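What follows is a single structure, written as structure tokens, with notes after it.
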Amino acid sequence: MMMKKIRNLCGTIFLGFCLWWLPNGNRMKDGASQQLARVTCAAFLLLLCMSDFSLRNRGNQTTLFFERYVGPASARSLAAMRISCSVLLLTFTSDHMTSPLAATAQVPRWMCRPTGIIRLLNECGVLGGLFEDARSLWRLEQLTRAALGCVAMGLGTPVVAPCASILWLFYGGVLRAYNTWRGHSFIAAWWTLVVLAWRGGAADAASLDSCLCALYEDAKLANVARGRWWTAGRPSHWNRRFSRPLPHTHATELARAADRGWTRFLVTLIFANNYLMAGLSKLCASGVAWASGDNLKAKLLQTTLTQTSFGCYLTLFCRRFPDTFFGALGACGLYGEIAMGLVPFFSFAKLLLPIAMWGMHVSIAALQHIIFVDLLFFIPAWYIWHVIDRNPGKLRPLAHAQHPWDWTQWVDDIHACWLKARAFSQGPRLFQATPRESAAILDNNHLKDKKLPDLPEDLPTPKAVVLDANPSLPHEDIIHAGARQTLLFMLVFLGVWTRGAEWFPYNAFRMFAGWTSRPILYERYIALGGDGSRIRNFHYHEIHPALNRKRLVEAFNRCADEPESADCCV
């Protein structure tokens, strides 16, 4: 009861804070006011984790959470994650897609500004002049490509996947130092690779590792059947150890499915969290006024008028539209990003919000000339991962796997909310039941007998199956371990965002979070021939593939101030 009163008090304080501060903010990305807003939002997010349902069922809250929101996952789902993310990262290491890593050594040293882990290692002398050595940079690029290729094929995945994650961290850190890539570039795909490398299980299907393991087991069983095994000259205990087959029981498969489910849920949580952090950063810096038509129209015009490689200027065509048009775009962008925090928990959000964000990125490319290449490919891949586990028949005894295409789950979610509201109005009758009976009621099963009969193989998978009442489930340790790891992972993300730190590979997603005031300031450059005549405007990558627009403008300013300086880039 005391925890409930504290939670209600904190919720009231946060609501008052939203009504008083967030409508205006101070329209700055930095400062004490913005930091206060971040701390308050972080406290509210922690508050949401303390739900009424979990407080009334402390003993089984993790299992109940797993049943409702996580669910089991198949090996094919994780294999699809591994292949899609590694191929995405590998494709964009091509020289045709981004700057060759060795070419960055030719750029003036003042343009190299590493951040985060790369900066820390560079200042400690661990990198040993990596940024200036073109040969070492070329080797790093080739090793990154080879490691990502092995991960895509599933060859030596337990060793190669962590190596690929570390190599990509250095590879992306070098490009990030020259601002060739933004801090958020490919961050979702990279974190997916990190989660797969950390938790494992990504090579159990559609991989060379699984094929080689199957061939090994077949050869092993064949030799055991002949009464011999490759045990010549080895002690008897070694023979006994390698002559018995590996256990593959139903309990083992349930534990593996639960472990894979937490992996898939953690990837989805990180994916949704990136958008949530971006939306909250805008809310903390500029308040709800960020979505006003005046602010968004100024942002779109500013980036459109800046020199880009695009040939169309759709924003200039739309500049005569009323402010309500731009206000609607801003509201969809701001509150859509914040609503992405619901994706891991609600089927309606799973189905619609990611594709809405994909449409937002297409609109940003057309109106603002900024292309989020990684997310345009990552979001469709995310849908594929969940569609694969739409009807996992082999995992039926554990629970029903959530997926974004389950239309009937909408009805269950709405009915569950209605039952919960009814329970509060009628008293504690619902929550006097056992935790597993409460889960059955909230899942719209209304099953009184918790011991379900075995289902025939030809029947479709039910929307939810209540777990056995035995408290010592074979996969319960896996569920609790996955919950602890997920909580630890997300607390680090929340801490970085609360601090507002841009510490590669962590990112607070503060891009365009501030207020764009009038008059609209922008910069453009023109190209003049030797005789002073106007010639074709060039793209900065035509000068050097590692150049960034901001670095180039800064170089022009240095040349204008000190033409004879060594920092002048000619």
Here the FRET efficiency for residue 562 versus residue 491, based on Cβ atoms and R0 = 51 Å and rounded to 0.05, is 0.60
Sites residue 362 and residue 218 - FRET efficiency at Förster radius 51 Å, r taken between beta-carbons, to 0.05: 0.60
Accessible area per residue for the stretch 493-570 in Å², computed with a 1.4 Å probe and the full protein assembly in place, what is it? 60 Å²
Between rounded, prolate and oblate, where does the stretch 290-388 land on the alpha carbon gyration tensor, with a ≥ b ≥ c its root eigenvalues, rounded for a/c under 1.5, else prolate if a/b exceeds b/c? oblate
May I ask you to compute the full-extension gain from residue 294 to residue 539, defined as 0.36 nm times their residue separation minus their alpha-carbon distance, rounded to one decimal in nm? 85.2 nm
Cα Rg over Rh - the stretch 481-570, Kirkwood: 1.20
Surface accessible to a 1.4 Å probe, per residue, for the residues of the stretch 54-190, Å²: 39 Å²
Say a paramagnetic label sat at a point 7 Å from the Cα of residue 549, along Cα to Cβ; which residues of the stretch 489-531 have their backbone N under 17 Å from it? 511-514, 516-517, 520-527
Note, ³J(HN,Hα) from phi for the stretch 534-541, Karplus 6.51, -1.76, 1.60, rounded to Hz, x at Gly and Pro: 6, 10, 4, 5, 9, 8, 4, 5
If Lys and Arg each add +1 and Asp and Glu each add -1, what is the summed charge of the other residues whose beta carbon sits under 14 Å from the beta carbon of residue 333? +2
Apportionment of accessible area to carbon and sulfur, the stretch 102-161, percent (1.4 Å): 62 percent
17 Å cut-off, amide nitrogen to a point 7 angstrom out along residue 134 Cα→Cβ, residues in the stretch 90-107: 95, 99-107
Go ahead and run the numbers for FRET between residue 43 and residue 484, Cβ-Cβ distance against an R0 of 25 Å, rounding to 0.05. 0.70
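The values are calculated or read from the model by the stated rules, or taken from the named source; none is laboratory data. This one's a predicted model, so the numbers in the text were calculated from it and none came from an experiment. Methodologically, a virtual Cβ is constructed for each residue, glycine included, from the backbone with ideal geometry; neighbour enumeration extends over all protein chains shown. Accessible surface is based on the protein model in full, side chains and every heavy atom, while ligands, DNA and RNA are left aside. Shrake-Rupley method; radii C 1.70, N 1.55, O 1.52, S 1.80 Å.
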